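Below: one structure, written as C-alpha cells.
The values are calculated or read from the model by the stated rules, or taken from the named source; none is laboratory data. As the structure is a computational prediction, the values presented were derived from the model and not from experiment. Neighbour counts are summed over all protein chains in view; Cβ atoms, including those assigned to glycine, are modelled from backbone coordinates with ideal geometry. What goes into the accessible areas is simple: the full protein's heavy atoms, side chains included, and nothing from ligands, DNA or RNA. Shrake-Rupley method; radii C 1.70, N 1.55, O 1.52, S 1.80 Å.
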Amino acid sequence: MIIDIWRYEKQCLIKAGLLCSGIAKLNRSRTKNISRQYGLTFLQSAVNALLSKGKRMKTKLSMVMFIALTIAASMSLSMTWANGKFPQGPDLKITPGALCTNSTTYRYPEHIKYCSRDVSSGLKNQIIAQYDHDLGFSIAQMPRGEFKIDHFIPLSIGGANDRANLWPQHKSIYAYSDPLESDLSNLISAAKITQAKAVEVMKECKLNLGRCAELSDYLKSLYK
C-alpha cells in the first residue's frame, strides 16, 4: 500500500508539473485564438485525469495531495480563462516603451523632457486592433470603458505619445500600477530617484504585477 501511495503521488507530481508547464506555455504563447482554445482543452483534460485518478484512491494522504494539486490547477486554469481576453501587461515586441524626445518643455531638477498627452482616437483603435490581431485577444469585443490606452512609460516621468509606448490596459490591471506614478513623479521632483530608475521601476511593475506592492513599499522608503 505504501508503495502504491508513493507511485500515485509521484504520478500526481509529474502530471501537476506538466499541467503547470502547459499553463505557463499557454500564457506565453498567445498569438492565435485557436492555440488558446486547444491549449485550454488540453489543460482541462489534465485536470479531469487527475480528478478521475484521485476518486479511486482510498488513502487520506493521497487524497489530500490530490485535492491540493487539483485546486492549484483549477485556479491556474481559471486565471487563464479570465486573462485570455486582454493582456496582463505590455507586449515588448509591440510596446517596448519610448521616452519623450520631441518637446521643448522640461521638468524636474534632472531636466527631463515632458510631452503633453496627445493620442488620437484613431491611434487608440489601431493599438487595440493590433493587440487583438497579433496576440489573439478580444479587446474590441469588450466594453470600451473597461480599458484605457496606457503609456508604458508614463508621461509624468518622461514617456512619449509614440505607438511604441502605448498599449490597451484593462481597469483590473491599472489598479496595480497607477498608484506608483504619483510616487515616482514626487521622488524625481525631490531628486530622490533618477528618471532611469523610475522607468525601471514602472516597467517592472507593469510586466510583473505581483511585484507592484513590493515596489510601492520601496518607493515609500525613499521619502525618508
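Pairs to check: Lys148/Lys224; Lys85/Lys203; Lys171/Lys203; Lys148/Lys197; Lys124/Lys206. Give those whose C-alpha atoms are more than 28 Å from each other in this structure.
Lys148/Lys224
Amide H of Asp150: which non-local residues (sequence gap of 5 or more, or other chain) have their own amide H closer than 5 Å, using H built in the peptide plane?
Result for Asp150 returns Trp167, Gln169.
Rounded, prolate or oblate: which fits the range 178-222, taking a ≥ b ≥ c as square roots of the Cα gyration tensor eigenvalues, rounded meaning a/c under 1.5, else prolate when a/b beats b/c?
Because a/c hits 1.5 or more and a/b exceeds b/c, the range 178-222 counts as prolate.
Return the long-range amide H neighbours of Ile112 (sequence gap of 5 or more, or a different chain), with a cut-off of under 5 Å between placed amide H atoms.
Arg107
Given a 1.4 Å probe, how much area per residue of the range 82-216 is accessible, in Å²?
I get 47 Å² per residue for this part.
If you roll a 1.4 angstrom probe over the protein chains with everything in place, what fraction of the accessible area of the range 162-224 belongs to carbon and sulfur, to the nearest %?
That fraction is 52 percent.
Which semi-axes, in whole Å and largest first, does the equivalent ellipsoid of the range 108-224 have when worked out from the alpha carbon gyration tensor as the square roots of 5 times its eigenvalues?
Sorted largest first and rounded, they come to 27, 17, 10 Å.
Provide the FRET efficiency to the nearest 0.05 for the Lys220-Lys148 pair, computing r from the beta carbons and using R0 = 35 Å.
With a Förster radius of 35 Å, E is 0.90.
For a quick check: with amide H placed at 1.01 Å from N, whose amide H comes under 5 Å from Phe86's, ignoring anything fewer than 5 positions away on the same chain?
HN-HN under 5 Å from Phe86: Ser138.
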